[in-house]
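Some notes on the structure that comes next.
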Amino acid sequence: MSEANLYPVPEHFKKNAAIDLARYKAMYEQSVNSPDTFWAEQATSFLTWQQPWTQVTNSNLRKGEVAWFINGKLNVSVNCIDRHLPARANQTAIIWEGDDPAEDQFITYQELHDQVCRLTNALRERGVKKGDRVCIYMPMIPEASYAMLACARIGAIHSVVFGGFSPEALKDRIQDADCQVVITADEGLRGGKRVPLKKNTDIALNHCPKVHTCIVVKRTGGDVQWREGRDFWYEDLVAHQPSEAESAIVDSEDPLFILYTSGSTGKPKGVLHTTGGYLLQAAMTHKYVFDYQEGDIYWCTADVGWVTGHSYIVYGPLANGATTLMFEGVPTYPDASRCWQVIDKHGVNIFYTAPTAIRALMGAGNDYVTKTSRASLKVLGSVGEPINPEAWEWYYRVVGDSRCPIMDTWWQTETGAHMLTPLPGAIDLKPGSATVPFFGVQPVLLDADGKEVVGAGEGNLCIKAAWPGQIRTVFGDHQRCVDTYYSTYPGYYFTGDGARRDADGYYWITGRVDDVLNVSGHRMGTAEVESALVLHDKVAEAAVVGYPHDIKGQGIYAYVTLMAGEQPSDELKKELLALVVKEIGAIARPDIIQWAPGLPKTRSGKIMRRILRKIAANELDSLGDTSTLADPAVVNELIDNRANQ
Ligand code: WTA
């Protein structure tokens, strides 16, 4: 990664942004030296509390215990809606841009309030109470945000499941969170194609007898099956409800949501976030990182099924009384000009997307971009995976006309909000670097012995003090939370990422150091894909690794060993791909399956993934030491087969 290029803070940002370099330094210093004072000030200025806290934080990373704003009471939906009404009832809260460019909707804060209250009443009528779990399996339509906010109003815990997940994956998540209510739509619409959400839900619910209510938004009007007594049209349930609904008094540490994410082992974990700290950090970062100013039109292209959608489509922007754009479709439909046209159509000032989209759009050619104006843009953002300097430069020069600083934001489902990121008025940029820590974030690099790397160097990225948006637990399994994040390096939160710090103190994320893949910005456990493959009765063993992929960042490469006597065939490959799609979803479909008569294993039987990664990446000169393998000949066989595919 080149560090040659430095992009200084543009002059007008230095003058006009909320935070310049001196202020960043002063605030950062206060945030780590006097965290209680710092966070108390921020929590007072960003949020409205029904009852003040008695203690700012009580956290112990050794035990994996984190708590913020102890005994404080607030309601997230009040913070995101009600308190804005006196000043903003008629301001647009959500601009909804449909998959079809002819469809859009402008939802004011008053309308948002009324919609959320109606649904709150409907959910209460269906028995939903504080602390209950509600699964949301929705397309990118306004009702998805209504559903999240209605849960927050009740104090119920939502678990949003990305609409691209299969019925099987949905079922696992409903069961794990013990949800009794599911909110979905008849069908989703993406890139002109219909996504059978109700049908998927029906299949999942066959194995979820505890779900007594399935609420269905009519999006496309497509045919759906119906189970009387369990299934209800959204429109029917909310139509007669009053547009006022009491908001529950919620403790700062009461759960707000569960969001499943992949790790290196086992099934996805239900990351649990709570109320006060999470909302504060989402709101603060949304304001400071994008230099959000009154009246700005803000667009994050993520899906609400991922944490980026939670923090930066719904909670952060709405807590700040912003106008947030929600896009139903995909960046390449009807063609690769769509994002830039939407920016012009709605006068978008802040645009936040993922490197995989940037690379795909870069590949489509500059004409799609340059034929649009984009004059409204002032800040660009990137999230989800390392952005390669080439894509960064293109984003900067072609999309932003060399005028808009790019905020490369590093964070995770578990961190709740941005952790390493520039601020547009304060931090000079280096393409490919997520730059410096946000307020209160104390990153450290640890070497293999757990010693802190001092100055420039490389190591495992850990965080050494609690922050407000931090994961509180893995739903139903606190020990798993402790084991995953706090036991590798006692006293630290371990991110699972490797990073380098340069002489200027800038951080460069080098990627995951565990068996987690990042495919088009989607997190995927290799173990999950392997478990799906071995379900096939002709498969004896499977090993999955990532390899460099031009658009996706990482592609999925699966080595499959068949049962004795079984023959490889294209037909079988198709069956295996279909099996992974069925078990997880299309996002987990392997790009390459290589038949592997044997896998490289140590004498104790452990698969040596390092070697498999090298073969997948075609880096055959640097296979490293193979002498500890039980059968070194296996490696040559895999290399020969690779050449044949
Ligand atoms: C990766 C998404 C480099 C990283 C918000 C992290 C990044 C994982 C960046 C979390 C970035 C996210 N630069 N890598 N700007 N942002 N990552 O939980 O490996 O879906 O651990 O959260 O994505 O993915 P998750």
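Things to note:
- Residue match in region 217-233 (condition: in contact (Cβ under 8 Å) with a residue 40 or more places away in the chain, assigned to a helix (DSSP H, G or I) and at negative phi): no
- Applying the condition of being β-branched (V, I, T) and part of a helix (DSSP H, G or I) to region 581-599 and asking which residue is farthest from the chain's Cα centre (by Cα) yields V581.
- When residues of region 68-83 are limited to those that are outside any strand (DSSP E or B) and open to solvent by 20 Å² or more (accessible area, probe 1.4 Å), the one farthest from Y333 (Cα to Cα): N71
- Against the test of being within 14 Å of the ligand (Cβ to nearest atom), closer than 15 Å to S382 by Cα and surrounded by fewer than 24 Cβ atoms within 10 Å (Cβ to Cβ), the options P422, P431, P437, P443 yield a single qualifying residue, P431.
- From A40, A93, residue being part of a helix (DSSP H, G or I), of a type outside the set (F, W, Y) and touching a strand residue (DSSP E or B) at 6+ places or on another chain (Cβ under 8 Å): A40
- Scope region 473-491; condition under 24 Å from D254 (Cα atoms) and either open to solvent by less than 20 Å² (accessible area, probe 1.4 Å) or in a loop (DSSP other than H, G, I, E, B) (or both); matching residues: V474, F475, G476, D477, C481, Y485, Y486
- Taken over region 362-382, residues that are more than 23 Å from K345 (Cβ to Cβ) and in contact with a Gly (Cβ under 8 Å, 6 or more places away or on another chain) amount to 0.
- Failed item in (1) within 16 Å of the ligand (Cβ to nearest atom); (2) surrounded by fewer than 17 Cβ atoms within 10 Å (Cβ to Cβ), with Y507 passing the rest: (2)
- Residue match in region 94-117 (condition: small (G, A, S), touching a helix residue (DSSP H, G or I) at 6+ places or on another chain (Cβ under 6 Å) and surrounded by 15 or more Cβ atoms within 10 Å (Cβ to Cβ)): no
- Criterion (assigned to a helix (DSSP H, G or I) and under 22 Å from the mean Cα position of the chain (by Cα)) met by exactly one of A578, A527, A532: A527
- Residue satisfying condition, being touching a strand residue (DSSP E or B) at 6+ places or on another chain (Cβ under 7 Å) and modelled with pLDDT of 95 or more, within set N349, N366: N349
- A search for C-beta distances below 6 Å between a residue of region 570-598 that is closer than 20 Å to G163 by Cβ and any residue that is of a type in the set (K, R) and surrounded by fewer than 15 Cβ atoms within 10 Å (Cβ to Cβ), counting only pairs 6+ apart in sequence or on different chains, returns nothing.
- Residue match in region 279-296 (condition: of a type outside the set (G, A, S), more than 14 Å from Q412 (Cβ to Cβ) and part of a strand (DSSP E or B)): no
- A391 being more than 24 Å from V271 (Cα to Cα), in the same structural domain as H346 (by the TED database), touching a Lys or Arg at 6+ places or on another chain (Cβ under 6 Å) and modelled with pLDDT of 95 or more: yes
- Criterion applied to G469, G416 was being surrounded by 23 or more Cβ atoms within 10 Å (Cβ to Cβ), assigned by the TED database to the domain that holds G295 and touching a His at 6+ places or on another chain (Cβ under 6 Å), and the one residue passing it is G416.
- Within region 292-326, being more than 14 Å from the ligand (Cβ to nearest atom), open to solvent by 10 Å² or more (accessible area, probe 1.4 Å) and out of contact with any Phe, Trp or Tyr (no Cβ under 7 Å at 6 or more places or on another chain) holds for Q293, E294, G295, D296, I297.
- Only listed residue being within 14 Å of the ligand (Cβ to nearest atom), touching a strand residue (DSSP E or B) at 6+ places or on another chain (Cβ under 8 Å) and among the basic types (K, R), chosen from R472, R512, R480: R512
- Counting residues in region 550-566 that are over 27 Å from R359 (Cβ atoms), open to solvent by less than 10 Å² (accessible area, probe 1.4 Å) and either away from the ligand (no atom under 15 Å from the Cβ) or not in a loop (DSSP other than H, G, I, E, B) (or both) gives one or more.
The values are calculated or read from the model by the stated rules, or taken from the named source; none is laboratory data. All values derive from a computational prediction rather than experimental measurement. Positions of Cβ are generated from backbone atoms using ideal geometry, with glycine treated the same way; all protein chains shown enter the neighbour counts. Ligands, DNA and RNA are stripped out before the accessible areas are found, and what is left, the full protein with its side chains, is counted by its heavy atoms. Shrake-Rupley method; radii C 1.70, N 1.55, O 1.52, S 1.80 Å.
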